[in-house]
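J.: Got a structure here, written out as structure tokens. Questions coming.
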Amino acid sequence: MFSIIECRNITYYYPLSRFPALIDINIALEAGKIYGILGANGSGKTTFCSLLRGFVPAFYQGTLTGEVLLKNKPLSDYGGLLAKEIGYVFQNPFTQLSGVKDTVFEEVAYGLENIGADADTIEPRVIQAMEKTNIKDLALKNPLHLSGGQLQRTALASVLVQEPDILILDEPTSQLDPQETRNVFDIVKALKEQKKTVIIAEHKTDLIAEYADEVLIFEKGRLTNRGNINHILSSPDLIDRGVLPPQAALLSNKLKQYGISFDSIPITYDQALNVINRLLHTEKR
Ligand SMILES: Nc1ncnc2c1ncn2[C@@H]1O[C@H](COP(=O)(O)OP(=O)(O)OP(=O)(O)O)[C@@H](O)[C@H]1O
């Protein structure tokens, strides 16, 4: 196992806060996996994402103990080069706008210019990122005139274009319709095929169940659970911990109460179909 990013003994207080937003976080994330970050509002998902990207404490200030290592080196050693290694899509896509570009095309190209990409490669890379995120028809629009969903897709394109090894996406689909939401998750899946590491904070547990390799559950600043996604997402107590269980698990746990037994509780639509098929076949025999 190759740990690409690791948190050691992290506790963090925002400035003037009496309560820590992150408490005693120890975790090593492996390269090439998709991690789903789940938890109730205010549980620490965004703070954890900001920590991994170095915004905590560099931008937010506050008091941090412990350390974050990226490829075995402290995050602070990377300085401005961190943007090349880790792409970050903010929960509020407006935050992502440079504020200095007049068109969506220029906005997507901006990050590439900043990391000193070869001028000949900029245009094809921007076009490719815009195609993936379905924003090609917005190329000449002013970024300030976009809808929330268009802005969110532009923010994602500006990060994808830089092709970082790690992508952190903080609720990247909060303003997207179902089809665009699915498209974002398909992009995430394709990134995994390219051996990228994706860390995605989301409330849409059904999609996390389908696409993630592992989940991390946050509760009041603590990382209370990580690991096998089927095991964690099928747990009946998930809802008490601020996470809506996947529909398949909700239904199956209910059926269990009526005496229907399962070898394992399904967490995705396909797993549920398989279970129902098996149950029907057993019934017929
Ligand atoms: N800039 C800030 N200054 C002070 N406290 C903050 C700041 N940002 C977040 N917090 C506090 O830190 C805790 C964790 O917040 P965080 O935004 O990480 O939660 P979250 O799990 O991402 O929530 P949500 O699902 O609502 O996005 C909360 O108690 C919140 O009030």
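J.: Of the options 150, 224, 255, report the single residue whose Cα projects farthest towards the positive end of the charge dipole of the chain (beta-carbon charges: Lys, Arg +1; Asp, Glu -1).
T.: So the residue furthest toward the plus end is 255.
J.: Amide H neighbours of residue 34 under 5 Å, at least 5 residues apart or on other chains, H built in the peptide plane: list them.
T.: Those qualifying (amide H under 5 Å, at least 5 residues apart or on another chain) are 198, 213, 214.
J.: When the scattering of the chain is computed by the Debye formula from its Cα atoms alone, each counted once and equally, what is log10 I(q)/I(0) at q = 0.07, 0.09, 0.10 Å⁻¹?
T.: -0.29, -0.47, -0.57
J.: If you add up the charges near residue 204, with Lys and Arg at +1 and Asp and Glu at -1, over every other residue whose beta carbon is less than 11 angstrom from its beta carbon, what do you get?
T.: Here the charged neighbours net out to -3.
J.: Moving to a separate point now. Helix 104-114: angle to the longest alpha-carbon principal axis of the chain, degrees 0 to 90, nearest 10?
T.: It is inclined by approximately 80 degrees.
J.: Show me, for the range 75-82, the HN-Hα J-couplings you get by feeding each phi into the Karplus relation (A = 6.51, B = -1.76, C = 1.60, θ = phi - 60°), rounded to Hz, glycine and proline as x.
T.: Result, rounded to whole Hz: 3, 5, 5, 7, x, x, 6, 4.
J.: Please turn the phi angles of the range 90-100 into ³J(HN,Hα) values with the Karplus equation 6.51 cos²θ - 1.76 cosθ + 1.60 (θ = phi - 60°), one per residue in order, whole Hz, x for glycine and proline.
T.: For the range 90-100, the Karplus curve yields 6, 4, 9, x, 4, 4, 7, 5, 5, x, 10 Hz.
J.: Follow-up question, since we're still on this one. Let me know the shape class of the range 121-223, please: from the alpha-carbon gyration tensor, a ≥ b ≥ c as square roots of the eigenvalues, rounded when a/c is under 1.5, otherwise prolate if a/b is greater than b/c, or oblate.
T.: Numbers: a/c = 2.03, a/b = 1.51, b/c = 1.35.
Verdict is prolate for the range 121-223.
J.: Sticking with this one: Roughly how many debye, to the nearest 20, is the charge dipole of the chain about its Cα centre, given +1 on each Lys and Arg Cβ, -1 on each Asp and Glu Cβ, and no other charges?
T.: 780
J.: Still on this structure: Karplus couplings for the range 121-134 from phi (6.51 cos²θ - 1.76 cosθ + 1.60, θ = phi - 60°), rounded to Hz, Gly and Pro as x?
T.: With the stated coefficients, the range 121-134 comes to 8, 4, 4, x, 5, 5, 4, 4, 5, 6, 5, 4, 9, 6 Hz.
J.: Using +1 on the beta carbon of Lys and Arg, -1 on that of Asp and Glu, and nothing else charged, what's the dipole of the range 175-251 about the Cα centre, debye to 20?
T.: Dipole magnitude for the range 175-251 comes out near 300 debye.
J.: Given H placed on each backbone N at 1.01 Å, which residues far from residue 225 in sequence or on other chains put an amide H within less than 5 Å of it?
T.: The answer is 217.
Quick note: the coordinates plus some simple rules give every number you see, no bench work behind them. Just so it is clear, the model here is predicted, and its values are computed rather than measured. Counting neighbours? That spans all protein chains shown, and the Cβs are built from the backbone with ideal geometry, glycine included.
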